[in-house]
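Scroll down for the structure; my scribbles are underneath it.
The values are calculated or read from the model by the stated rules, or taken from the named source; none is laboratory data. Fair warning: this is a prediction, and the values are worked out from it, not measured in the lab. For neighbour counting, all protein chains shown are included, and Cβ atoms are generated from backbone atoms with ideal geometry for every residue, glycine included. Just so you know, the surface numbers come from the protein's heavy atoms only, side chains and all, with ligands and any DNA or RNA stripped out. Shrake-Rupley method; radii C 1.70, N 1.55, O 1.52, S 1.80 Å.
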Amino acid sequence: MPAERFSAATYFMVILFIYVSHLMSTLGKPKSWINFLPPKLQTLHVANKLRDDPVAIKLASTDFGNIVREIPAAVLYPSSINDIASLIKFAHTTSSAPFNIAARGQGHSVRGQAMARNGVVVDMTSLKNQKNGYGIKVSGSPSMGWFADVGGEQLWVDVLHATLEHGLTPMSWTDYLYLTVGGTLSNAGISGQTFRYGPQISNVYEMDVITGQGDFVTCSREKNMELFFAVLGGLGQFGIIVRARIALETAPKRVKWVRMLYNDFSEFTRDQERLISNNGLKQNNALDYLEGLLLLNHGPPDNWRSSFFPLSDHAKIISLVTKYGIVYCLEIAKFYDDHTLISMEEELQVLFEGLNFIPGYAFEKDVSYVDFLNRVRSGELKLQSQGLWDVPHPWSNLFVPKSRISDFNSGVFKDIVLKRNITTGPVLVYPMNRSKWDDRMSAVIPEEDVFYAIGFLHSSGFNDWEALDAQNKDILKFCYDSGIEVKQYLPNYKTMEEWKNLHFGTIKWRTFEDRKNQFDPKMILSPGQRIFTKVKLAKII
């Protein structure tokens with residue numbers, strides 16, 4: 001009987017009993033709390049790995065965004081990938097009204113994308129320390145070179161440390177490393193390295209996927225390629241990634257990290273676009289990383305993502321921001337080791353010639369490769385210690401075509417962001433090359449050869465996030481009214497029609513829908529994305 005049917009007193013006793021029974025189970029006693037799971041789930045052979053206690057339910061019904069809350073019926077803590085396959089196959093085959101299933105890694109979504117109301121959330125991190133899991137294994141072959149076979153539940157920071165033991169590293173990263181491999185590959189995985197190395201989905205050789213029918217399938221560009229391209233950037237709609245084979249290269253040891261300030265947006269974007277035009281993988285005179293951000297009149301010029309500017313220069317930077325309202329910061333990095341130190345310095349000097357930043361406002365740091373890639377972590381830990389990490393994050397991430405970036409600057413950065421003066425958290429703006437993406441994948445990007453990633457990474461209190469959310473909506477409205485064909489990254493739409501018309505477009509939607517019918521015909525997976533909202537799945541009873 002579902003908990004909501006009990007009287008208040010009975011409900012309290014049931015919750016207490018579940019908690020005590022679960023505590024006993026950790027001491028080797030029988031998991032009698034299983035009897036309180038919905039009857040459909042009690043018949044599964046993995047029922048002893050399902051939990052519906054308050055602790056498990058609370059974790060699975062929230063995410064990093066702290067805005068959406070969806071209550072699942074239960075949470076699966078798998079000890080093997082077979083547990084996941086069994087659950088999905090059960091949902092697919094045993095009922096004409098299947099229940100929803102969502103895979104949850106670190107829960108770093110912001111709008112409930114990894115949730116499953118009345119369904120089952122699969123806690124992928126439960127696989128992390130299992131002996132029969134994939135873990136992280138570095139190998140090589142004459143045809144592919146070096147690569148790492150990585151469990152979908154593994155964190156990128158652990159992949160970094162494991163591959164560095166072999167003197168190797170993945171080529172493409174996200175700015176934040178405490179995310180799961182399966183999670184970022186289900187979206188795209190972008191950062192300042194994307195202009196040269198492509199998103200993380202462009203650096204995958206092979207995957208093992210459990211489809212929405214419960215089938216275990218190995219796929220690549222040569223084998224089961226339709227599933228391979230569907231899953232990469234597929235928002236979890238076609239299968240759960242349980243292993244990915246990631247391309248590796250020789251790891252550098254150090255990073256020359258530079259920031260330059262601009263008060264002219266056209267000069268800022270012109271320099272960015274010039275720098276990313278050198279993007280060959282074997283090209284020596286190319287940068288390894290390029291991003292940009294806005295400096296706004298909200299306290300010190302550093303933010304939680306990284307502490308960069310010398311304290312002695314804070315006053316003059318703040319004065320510059322006060323004068324112009326918005327200052328544009330170009331951030332670049334060049335990787336090197338002991339053998340390439342001299343050539344790195346020479347290449348940077350060549351690249352810097354002709355850049356139009358404000359004289360006297362270039363700042364340099366020299367850091368280890370690990371410290372650079374993991375630069376966001378220290379800010380996270382600081383916010384956690386202050387109780388400011390687990391707060392609402394009304395983020396908005398957009399891809400804007402190069403041809404309209406100037407209009408975006410005047411209509412959004414100046415007429416909305418600057419005038420309202422409520423923006424909290426970093427605002428990123430940096431270009432990418434479309435040639436580094438593969439249109440056969442499910443990820444959606446603008447049609448132009450160069451487009452910009454814009455990230456409004458807001459943090460707020462629990463009582464004032466709505467104002468930032470309203471600003472996000474007004475930014476989108478401005479783009480739609482102005483004919484700027486933006487695409488959302490980590491998209492948030494509420495209806496199938498919005499997904500079709502605003503995100504995918506007719507042709508890409510047809511492919512996406514066909515793949516859904518092929519690999520998850522009962523539309524079980526990832527309901528939190530709200531893509532196929534016309535389909536009503538059953539509540540587990």
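General observations
- Residue match in segment 269-289 (condition: touching a strand residue (DSSP E or B) at 6+ places or on another chain (Cβ under 6 Å), part of a strand (DSSP E or B) and modelled with pLDDT of 95 or more): yes
So that you can scan it fast, the table gives a plain yes or no per residue for (1) without any contact (Cβ under 8 Å) to a residue 12 or more places away in the chain; (2) more than 30 Å from SER410 (Cβ to Cβ):
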site	(1), (2)
ARG270	no, no
ASN285	no, yes
HIS298	no, no
PHE309	no, no
ALA315	yes, no
GLU345	no, yes
LEU348	no, yes
LEU355	no, no
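- Filtering segment 90-104 to residues that are over 10 Å from GLY119 (Cβ atoms) and touching a Lys or Arg at 6+ places or on another chain (Cβ under 6 Å) leaves only HIS92.
- Residue list for segment 42-89, restricted to those being closer than 15 Å to ALA116 by Cβ, part of a helix (DSSP H, G or I) and open to solvent by 30 Å² or more (accessible area, probe 1.4 Å): LYS58, LEU59
- Residue pairs whose Cβ atoms lie under 9 Å apart, sitting 6 or more positions apart in sequence or on different chains, and linking a residue in segment 144-170 that is at positive phi to a partner that is among the acidic types (Asp, Glu) and at pLDDT 95 or above, are GLY145/GLU249.
- Unique residue being within 28 Å of ARG510 (Cβ to Cβ), within 19 Å of the chain's Cα centre (by Cα), free of Cβ contacts under 8 Å to residues at least 40 places away in the same chain and not assigned by the TED database to the domain that holds LEU341 when the list is THR174, THR184: THR184
- Residue list for segment 431-456, restricted to those being under 17 Å from SER396 (Cα atoms) and open to solvent by 10 Å² or more (accessible area, probe 1.4 Å): ALA443, VAL444, ILE445
Listed here are the residues, each with its yes/no results for (1) of a type outside the set (S, T, N, Q); (2) assigned to a helix (DSSP H, G or I); (3) at pLDDT below 95; (4) within 18 Å of ASP439 (Cβ to Cβ).
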| residue | (1), (2), (3), (4) |
| --- | --- |
| PRO491 | yes, no, no, yes |
| ILE507 | yes, yes, no, yes |
| ARG510 | yes, yes, no, yes |
| ASP514 | yes, yes, no, yes |
| GLN518 | no, yes, no, no |
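- Among the residues of segment 441-472, those that are outside any loop (DSSP other than H, G, I, E, B) and either farther than 29 Å from LEU185 by Cβ or of a type in the set (Gly, Ala, Ser) (or both) comprise ALA453, GLY455, GLU466, ALA467, ALA470, GLN471.
- Hits in segment 128-137 (condition: crowded, with 18+ Cβ neighbours inside 10 Å and either assigned to a strand (DSSP E or B) or modelled with pLDDT of 95 or more (or both)): ILE136
- Residue within segment 524-531 that is open to solvent by less than 30 Å² (accessible area, probe 1.4 Å) and at positive phi present: yes
- For segment 470-496, a tally of residues being touching a residue at least 40 places away in the same chain (Cβ under 8 Å), farther than 21 Å from PRO431 by Cα and either surrounded by 15 or more Cβ atoms within 10 Å (Cβ to Cβ) or aromatic (Phe, Trp, Tyr) (or both) returns 2.
- Count of segment 497-510 residues, restricted to those that are touching a residue at least 40 places away in the same chain (Cβ under 8 Å) and either among the β-branched types (Val, Ile, Thr) or under 26 Å from VAL68 (Cα atoms) (or both), is 2.
- Of all residues in segment 52-77, those satisfying the criterion of being in contact with a Lys or Arg (Cβ under 9 Å, 6 or more places away or on another chain) and charged (D, E, K, R) are ASP63, GLU70.
- In the set VAL242, VAL255, VAL217, only one residue is touching an Asp or Glu at 6+ places or on another chain (Cβ under 8 Å), part of a strand (DSSP E or B) and open to solvent by 20 Å² or more (accessible area, probe 1.4 Å); that residue is VAL217.
- No other residue among LEU351, LEU355 is at pLDDT 95 or above, in the same structural domain as TYR430 (by the TED database) and crowded, with 16+ Cβ neighbours inside 10 Å apart from LEU355.
- Counted residues, segment 102-127 - those being aliphatic (A, V, I, L, M) and surrounded by fewer than 24 Cβ atoms within 10 Å (Cβ to Cβ): 1
- Here GLU222 fits the description: closer than 21 Å to ARG440 by Cα and modelled with pLDDT of 95 or more.
- Taking segment 298-414 as the region of interest, the helices (runs of 4 or more DSSP H) fully inside it that hold 2 or more residues being of a type in the set (S, T, N, Q) are 314-324, 341-352, 375-385.
So that you can scan it fast, the table gives a plain yes or no per residue for (1) in a loop (DSSP other than H, G, I, E, B); (2) assigned by the TED database to the domain that holds ARG104; (3) touching a residue at least 40 places away in the same chain (Cβ under 8 Å); (4) hydrophobic (A, V, I, L, M, F, W, C):
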| site | (1), (2), (3), (4) |
| --- | --- |
| ASP208 | no, yes, yes, no |
| GLN213 | yes, yes, yes, no |
| ALA230 | no, yes, yes, yes |
| GLN237 | yes, yes, yes, no |
| LEU261 | no, no, yes, yes |
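- THR163 being among the polar types (S, T, N, Q) and open to solvent by less than 10 Å² (accessible area, probe 1.4 Å): yes
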